[in-house]
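Notes follow the structure.
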Amino acid sequence: MSVSVDTVVEDDRWQDAGLERLAERAAEATLAHLGLDPAEWEIAVLGCDDARIAALNEDFRDKAAPTNVLSWPSAERGAEVDGAMPEPPEAGPDPELGDIAIAYETCAREAEAAGRPMQDHVTHLVVHGILHLLGYDHVRDKDATLMERTEVEILGKLGLPDPY
């Protein structure tokens, strides 16, 4: 059985980009890489546009601008020590890891600017968002190094190049 990814598409361009398939693949790879049974977890992914993510960014982060991806973990899982691995969640009656929103225009612009296929960039951003749900962060230097290294390892297992 695979991870349960509830994908909600508000912007139809995400249908053409294959967001549902990309999110499921990224979630499976991320959870498996971290030793978590994908079948035990649920994630919600919202495929939206820049206007919607800008509103979410303002509501939740007081930043009135679009961004590529936002995440809302179902619980605080971050490590106290900079660079330490976050404690993995324990399987139980509440399998929800959290929610992710991803903005089409920002992702498309970033992919084009980096010379990467849109699907590769979206996969990277979904992996990034899921790591946030699992307590990874990039505010502190050693945490950022750990998160980026973990992303590169997961993407490598998916056959995708290092985005950094």
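Looking at the stretch 55-75, which of the residues that are small (G, A, S) and in contact (Cβ under 8 Å) with a residue 40 or more places away in the chain is surrounded by the most Cβ atoms within 10 Å (Cβ to Cβ)?
Among them, the one singled out is S71.
Of the residues in the stretch 76-129, how many are β-branched (V, I, T), more than 30 Å from D16 (Cβ to Cβ) and buried (at least 16 other Cβ atoms within 10 Å of the Cβ)?
The number of residues fulfilling the criteria is 0.
Kindly list the number of the only condition in (1) part of a loop (DSSP other than H, G, I, E, B); (2) among the small types (G, A, S); (3) in contact with a helix residue (DSSP H, G or I) (Cβ under 8 Å, 6 or more places away or on another chain) that fails for G135.
For G135, the failing item is (3).
Somewhere in the stretch 23-46, is a residue in contact with a helix residue (DSSP H, G or I) (Cβ under 6 Å, 6 or more places away or on another chain) and farther than 27 Å from G159 by Cβ?
The answer is no, given that none of the residues of the stretch 23-46 is in contact with a helix residue (DSSP H, G or I) (Cβ under 6 Å, 6 or more places away or on another chain) and farther than 27 Å from G159 by Cβ.
What single numbered condition from (1) more than 18 Å from Y136 (Cα to Cα); (2) among the small types (G, A, S); (3) loosely packed, with under 13 Cβ neighbours inside 10 Å fails to hold for G35?
G35 satisfies every listed condition except (1).
So which residues in the stretch 6-21 are without any contact (Cβ under 8 Å) to a residue 40 or more places away in the chain and either under 21 Å from E96 (Cα atoms) or among the β-branched types (V, I, T) (or both), if there are any at all?
Selection gives D6, V8, V9, E20, R21.
Among helices (runs of 4 or more DSSP H) lying entirely in the stretch 1-101, which contain 1 or more residues that are under 15 Å from the mean Cα position of the chain (by Cα), closer than 24 Å to M147 by Cβ and at pLDDT 95 or above?
19-33, 50-61
Looking at (1) in contact (Cβ under 8 Å) with a residue 60 or more places away in the chain; (2) in a loop (DSSP other than H, G, I, E, B); (3) crowded, with 16+ Cβ neighbours inside 10 Å, find the lone condition where L146 falls short.
(2)
List the pairs whose first member sits in the stretch 121-137 and is closer than 15 Å to V5 by Cα and among the polar types (S, T, N, Q), whose second member is modelled with pLDDT of 95 or more and outside any helix (DSSP H, G or I), and whose Cβ atoms are under 9 Å apart, counting only residues at least 6 apart or on separate chains?
T123/L158; T123/L160
The values are calculated or read from the model by the stated rules, or taken from the named source; none is laboratory data. Keep in mind that this is a model prediction, so the values were computed, not measured. Note that we place each Cβ from the backbone using ideal geometry, even for glycine, and neighbour counts take in every protein chain shown.
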